[in-house]
1. State all residues of region 374-417 that are more than 25 Å from L16 (Cβ to Cβ), open to solvent by less than 30 Å² (accessible area, probe 1.4 Å) and in a loop (DSSP other than H, G, I, E, B); if no residue qualifies, say none.
2. Do we have any residue at all in region 1-16 that's of a type in the set (D, E, K, R) and without any contact (Cβ under 8 Å) to a residue 40 or more places away in the chain?
3. For residues that are within 24 Å of the chain's Cα centre (by Cα) and aromatic (F, W, Y), tally how many sit in region 181-222.
4. When you check K14 against the structure, is it modelled with pLDDT of 80 or more, more than 24 Å from the chain's Cα centre (by Cα) and surrounded by fewer than 21 Cβ atoms within 10 Å (Cβ to Cβ), yes or no?
5. In region 212-236, how many residues are of a type in the set (S, T, Y) and crowded, with 18+ Cβ neighbours inside 10 Å?
6. Within region 175-192, count every residue that is among the small types (G, A, S) and either surrounded by fewer than 15 Cβ atoms within 10 Å (Cβ to Cβ) or within 13 Å of L35 (Cα to Cα) (or both).
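The values are calculated or read from the model by the stated rules, or taken from the named source; none is laboratory data. Everything numeric here is computed off the predicted structure, so don't read it as measured data. Cβ atoms come from the backbone with ideal geometry, glycine included; neighbour counts cover every protein chain shown. Side chains included, ligands, DNA and RNA excluded: accessible areas come from the protein's heavy atoms. Shrake-Rupley method; radii C 1.70, N 1.55, O 1.52, S 1.80 Å.
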Amino acid sequence: MKTKIDFLNGSTGKSLFKMVMPLFMATVLMLAYTLVDSIWVGNLLGEAGYAALTTSGAVALILYALTSGLGTGTSILVSQLIGKNDRKKTDEMIGTAIASSLVFSLVVIIVLECFLNRILITFNTPQEIYNDAKDYLAIFLLGFSAIFIYMQLTSIFRSFGDPMFQMKGMLFGTLINAVADPLFIKAFGISGAAISTVVSNLLCLLLAIIYGMKKSYFVLTFKGVNLKNISLFLKTVIPASIQNCIPAISSMIMVILVNRFDVTTIAAYGVVKNVENILFYPAMAMSMALITIIGQLYGAKRFDRIKDYMNAAIKSGIAVELVLTGLVLLFAKNISLAFVKERAVAEIVSHGLKIIGIGYICYMMTSIFSAKLSGAGKVKLSMILMFAYYILIRVPLASLLIRTSLLLDGMWIAILVSHLAATLIAYIISSKSYSESELSLI
């Protein structure tokens, strides 16, 4: 079957590099795409506008996580079928994934638009930013189906060993958003940021469709959309989607906790979450690459190669996170001032990042172990790991410590503890699961 990178027989280091680097650049561009809204809103609309974007961004984060989760599930299924060299089943599963995603996204849009007020009330959204947060989300949701299908297509391209479109698509979307954002924000306020995002998402989807037609990796057919394939699709994508949504749900709960403080603190938390993306996205790129690679190797029953790729991923992942964490900690205040000009916000941001620190290296390790589980089809185990990471450990600890004299420091400490604990748990589960996976296919 036509693939761009030969993971089964090619050099481990070179194949991993060819897969990770475009995805890393894509995630950097994704960060730039996200930061464009934050920077323009923070500079043009000030602290209140940035706080409104932080609150509404919690909902947007869950939606992006949901689309990414569906894409991950699709990537697992398609990669394994490619590894088995089953062209007919691959085309059928791709058609099932796209059709199911379109229907699901439309249902999500309708439900969220109907309950938008209730959602913002649940977030304890301060009155002074309530209307801005609502306006942003109401418009943002209109382009949600485009995001869904676009993410599915990029996941499918990755499954064929082609990560390049994800980089090209994000570059295109980021440039569109960067040019349109200030124009729309000046004309329509915070609603303009949402309009710019919707426009860029629609254009990115169009570009993905054109790219897919040109490359001809698969034949899009809906003949395989039946109960059997839908059931197989849901069995994988539901836990993958839940897994991806868990960090966003945790972040949403953190926003609710932080909203107990003043606008300055809310804005500072928003900056920290954006700065974290600088450190999270390399791990995300590594995870996306490994899911595809391990998925193909698992389908082809090449367990020896899985070990090779895991070793290479761990060594390179730790090195990258060490460098990036050091740079972020060194320039934390300067980075914060690029988002919001208030010095008080920068002080909170710098202090918080110093506490979390080493946790970002642990995040890379956890992402690698989790990708190993997902690529081998052990999606439920990976989901359980994320649940323990973000919900069982982080949320209760943060809820407890933030109410003590530690205040916001309690949240930073809870985040650090969850990073450390998750890495240990991930290593144990991943090691056990691998031997079980190998035995199950012999």
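1. Matches in region 374-417: I402 only.
2. The first filter runs over region 1-16 and keeps only residues of a type in the set (D, E, K, R), leaving 2, 4, 6, 14.
Filter once more, so that each one left must be without any contact (Cβ under 8 Å) to a residue 40 or more places away in the chain: 14.
Scanning region 1-16 turns up at least one residue that is of a type in the set (D, E, K, R) and without any contact (Cβ under 8 Å) to a residue 40 or more places away in the chain.
3. Adding up the residues that qualify gives 1.
4. yes
5. 2
6. Our first condition is that a residue be among the small types (G, A, S); within region 175-192, this holds for 178, 180, 187, 189, 191-192.
The next check asks that each one be either surrounded by fewer than 15 Cβ atoms within 10 Å (Cβ to Cβ) or within 13 Å of L35 (Cα to Cα) (or both); those that pass are 178, 187.
Looking only at that region, the number is 2.
Each row is one residue, and each column tells you yes or no for (1) more than 11 Å from G295 (Cα to Cα); (2) touching a residue at least 12 places away in the same chain (Cβ under 8 Å); (3) open to solvent by less than 30 Å² (accessible area, probe 1.4 Å).
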| position | (1), (2), (3) |
| --- | --- |
| S68 | yes, yes, no |
| G71 | yes, yes, yes |
| L77 | no, yes, yes |
| I82 | no, yes, yes |
| R87 | yes, yes, no |
| G95 | yes, yes, yes |
| I98 | yes, yes, yes |
| L102 | yes, yes, no |
| S105 | yes, yes, yes |
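A quick yes/no check of all residues on (1) open to solvent by less than 30 Å² (accessible area, probe 1.4 Å); (2) without any contact (Cβ under 8 Å) to a residue 12 or more places away in the chain; (3) in contact with a Lys or Arg (Cβ under 6 Å, 6 or more places away or on another chain); (4) not hydroxyl-bearing (S, T, Y):
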{"site": "T325", "(1), (2), (3), (4)": "yes, no, no, no"}
{"site": "L329", "(1), (2), (3), (4)": "no, no, no, yes"}
{"site": "G352", "(1), (2), (3), (4)": "yes, no, no, yes"}
{"site": "I355", "(1), (2), (3), (4)": "no, no, no, yes"}
{"site": "F369", "(1), (2), (3), (4)": "yes, no, no, yes"}
{"site": "K372", "(1), (2), (3), (4)": "no, no, no, yes"}
{"site": "H419", "(1), (2), (3), (4)": "yes, no, no, yes"}
